[in-house]
């Protein structure tokens, strides 16, 4: 995690439960993963009808996965602002990321990472927004994000499958 995320969390990852993720995101995580014919690791629910081919340059595959697997975290129901809004969005994002990572099939041998980003948005850059995406990590291929610590404009967290099992011991799916 970068310094901005560490500051946002006051140095500690919040406790989460599966139902912190909105139901639509739990359904996405529960639908599982696929590996397409070009080797991209994709969330089934977001990519069942995908007919976009993976770019031919293998170095682009990490970005392609992150682009297709990424979604903004639901926040239309939040009327709160400031720290409370950020805390809710962080818990939602963490729960969704952990559920999805916990649901990566053992048949997928490529490690998948989740990336949670939080930043200021809205018309006046005064509304906290969150995004969650996923990308596999391959030997010899540039990672989607190589070093989360260098990002300064947004709070950024990278999670592995083992992080997900630790943060969310029960899958809840």
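Things worth noting here:
- Using alpha-carbon coordinates, inclination of helix 82-102 to the longest axis of the chain, degrees: 20 degrees
- The sum of -39500 (n - 2.57) across all DSSP H runs of n ≥ 4, divided by the residue count of the chain, sets its helix-only mean residue ellipticity at 222 nm to -9000 deg cm²/dmol.
- Taking a ≥ b ≥ c as the square roots of the eigenvalues of the Cα gyration tensor, an a/c ratio of 1.5 or more together with a/b larger than b/c marks the chain as prolate.
- Residue exposure sequence - 110, 150 - by fewest surrounding Cβ within 10 Å: 150, 110
- Taking other Cβ atoms within 10 Å as a rough exposure proxy, 115, 76, 63 sort from fewest to most as 76, 63, 115.
- Residue order, fewest to most surrounding Cβ atoms within 10 angstrom, among 88, 116, 23: 23, 88, 116
- Nearest-0.05 FRET efficiency for residue 83 and residue 137, computed from C-beta distance (R0 30 Å): 0.40
- The stretch 104-167 shape via C-alpha gyration tensor axes, a/c threshold 1.5: prolate
Just so you know, all these numbers are worked out from the coordinates, no wet-lab data involved. Computed from a prediction, not measured in an experiment: that's the story for all the values here. Please note: Cβ atoms are built from the backbone with ideal geometry, for glycine as well, and neighbour counts cover all protein chains shown.
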